[in-house]
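As structure tokens, the structure follows; a few thoughts come after it.
The values are calculated or read from the model by the stated rules, or taken from the named source; none is laboratory data. Because the structure is predicted, anything quoted here is derived from the model rather than measured. A quick note on method: Cβ atoms are made from the backbone with ideal geometry, for glycine too, and the neighbour counts reach across all protein chains shown. The area values use the complete protein model at the heavy-atom level, side chains included, leaving out ligands, DNA and RNA. Shrake-Rupley method; radii C 1.70, N 1.55, O 1.52, S 1.80 Å.
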Amino acid sequence: MEEILTQYFADERGEPLKVVGTTVERSDARGHVTGRTQFYEDVSFPGMLHLKMVRSTRHHALITGIDTSAAMAVPGVVRVLTHKDVPHNWYTILRLIGVEPNDEPVLPEDRVLFLGEQICAVLAETLAAAEEGASKVVVSYEDLPAVFDVEEAVKPETPAIKPHGKNHFVYEGHHCRRIRFGDVEAAFATADHVVEHRYQSAPIEHAPTETTGCIVKPEGSGRFTVYSNTQALFFTLDNMALILGLPFGKLRLVGGTVGGGFGGKVDVIVEPIATLAAMLTGKPVKYAYSRHEEMQVSSPRAAERIYIKDGVMADGRIVARKVTLYVDAGAYSRHSPYGTTKAAAHMPGPYSIPNVHVDAHCVYTNRTPSSAMRGFGVTIGDFALEVQMDRLARMLGIDPFEFRLINAYRDGDTKAHRKTVEGAALVEVVQEAARISGRTLPGRFAQMTSLTREAAHG
């Protein structure tokens, strides 16, 4: 065991790693507690305008008219921006790494796809004037049927909510991200037991202490400095340049300090429109979500629905696993196609199963667009997989630690997506978890190792 622990939990010189289990001071802790840390809102400029969004009051509707006359009559209101002001209105955040098509407008052109979608931006000399102006914009709608269930959304008879004509992301011509390894149907036919369960999660809001926002300052010569709390400075810079038709070198982003993000501040939402406002007015512009907006329209963790069907032998070996997974992307792609790919690649979990079938669907609905959140694409799948493992262990009358050790992958195994396992350490982690919980494993389980694949049963 000491040799194995040294391989996995030591540095390149063989010295034990000493961070896990110890208290290590955060590099930014002193700045936070003394108030010296600089956040984006710590800058302010003379003549700065405030931007407030007019947001959809419908889940799904055509926009038949926008009347801004009453808003423009509010003292202090300077301008109202619509999609007609945006140089290149359509984008998707991950297009620079080949995720297409561009499926999200900076500001909608003829329809809204979710409750709270930003429609037009009111610029004013004070926040109060911007809020009053936004409240006086009149948007006329023609309601359309809304779809909120992922399986309902992908039925052939359900109308598409998006211009490209499908309620799902297309992966290399397929309706889902697929994994095929072995023959699950043949394995199900020979299994002692076949068990299927459904798992469902809900959207989860990050609820950061600091809401999403930015301040943009024109610097002259067509240059702009953007003070932002984004977690993705380069995604933001690149997408802004493409949306606004600016050379990349004309944009300077200042960030690095985030008052809580957890993945929720990787979307490019506030910066493009705030920078456009600064371009068109020549003045600094601030666009910050209220707490209500943060909870209503910032991207949550995607809700997922997962069906897991397992073929298992009486001795504890899982011989087949079929997973059908639906990720609720909401109205637009954002990071969900990537998260769905991660979800597919993570199946069938850290277990060596000879026959695996995975269909992972990235589905569009009329919900708030989802995006990144701490381990997205893996976290909910892990919950489902490990609950499934406990259920199988109970059904077979096998200790759950031993059941996991029987099926745990080892170094050199081939995962279902055909990557060779390296640095597994799963066997040792399960053994240590058993020890900490007071469970004494039988000899053959106590002697297992992730470095070799010896008989785990019999």
Fill in: Residue that is farthest from the chain's Cα centre (by Cα) [pool: residues in region 406-437 that are crowded, with 19+ Cβ neighbours inside 10 Å and under 15 Å from VAL356 (Cβ atoms)]
ASN407
Practice prompt. Search region 379-397 for residues that are open to solvent by 60 Å² or more (accessible area, probe 1.4 Å) and pair each with any residue that is among the β-branched types (Val, Ile, Thr) when their beta-carbon atoms are under 9 Å apart and the residues are at least 6 apart or on different chains.
Written response: PHE383/ILE306; ARG391/VAL195; MET395/VAL195; MET395/VAL312
Worksheet item: Among the residues of region 167-184, which ones are in contact (Cβ under 8 Å) with a residue 60 or more places away in the chain and open to solvent by 70 Å² or more (accessible area, probe 1.4 Å)?
Response: HIS175, ARG178, ARG180, ASP183
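Please pick out the residue among THR190, THR209 that is out of contact with any His (no Cβ under 7 Å at 6 or more places or on another chain), among the hydroxyl-bearing types (Ser, Thr, Tyr), over 21 Å from TYR289 (Cα atoms) and loosely packed, with under 15 Cβ neighbours inside 10 Å. Walk me through how you get there before you give the answer.
Details: THR209 fails: over 21 Å from TYR289 (Cα atoms).
Every option except THR190 fails the conditions.
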Worksheet item: Which residue pairs have Cβ atoms closer than 8 Å, lie 6 or more positions apart in sequence or on different chains, and pair a first residue in region 94-107 that is within 16 Å of PRO163 (Cβ to Cβ) and among the basic types (Lys, Arg) with a second residue that is open to solvent by less than 40 Å² (accessible area, probe 1.4 Å) and modelled with pLDDT of 95 or more?
Response: ARG95/ASN239
Worksheet item: Of all residues in region 125-139, which are closer than 13 Å to ILE66 by Cα, hydrophobic (A, V, I, L, M, F, W, C) and buried (at least 16 other Cβ atoms within 10 Å of the Cβ)?
Response: ALA134, VAL137, VAL139
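Could you please let me know if HIS50 is in contact (Cβ under 8 Å) with a residue 12 or more places away in the chain, assigned to a loop (DSSP other than H, G, I, E, B) and farther than 14 Å from LYS136 by Cα? Outline the logic, then answer.
Values: in contact (Cβ under 8 Å) with a residue 12 or more places away in the chain: yes; assigned to a loop (DSSP other than H, G, I, E, B): no; farther than 14 Å from LYS136 by Cα: yes.
No; evaluated as a whole, the condition is false for this residue.
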Discussion item. Looking at (1) among the β-branched types (Val, Ile, Thr); (2) open to solvent by 50 Å² or more (accessible area, probe 1.4 Å); (3) more than 21 Å from the chain's Cα centre (by Cα), which one does THR158 not meet, given that it meets all the others?
Written reply: (2)
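Tell me the helices (runs of 4 or more DSSP H) entirely within region 392-457 that contain at least 3 residues that are of a type in the set (A, V, I, L, M, F, W, C) and more than 17 Å from ALA320 (Cα to Cα). If you could, list the steps in order and put the result at the bottom.
Working: elements: 400-407, 426-436, 443-446.
Fully inside region 392-457 and qualifying: 426-436.
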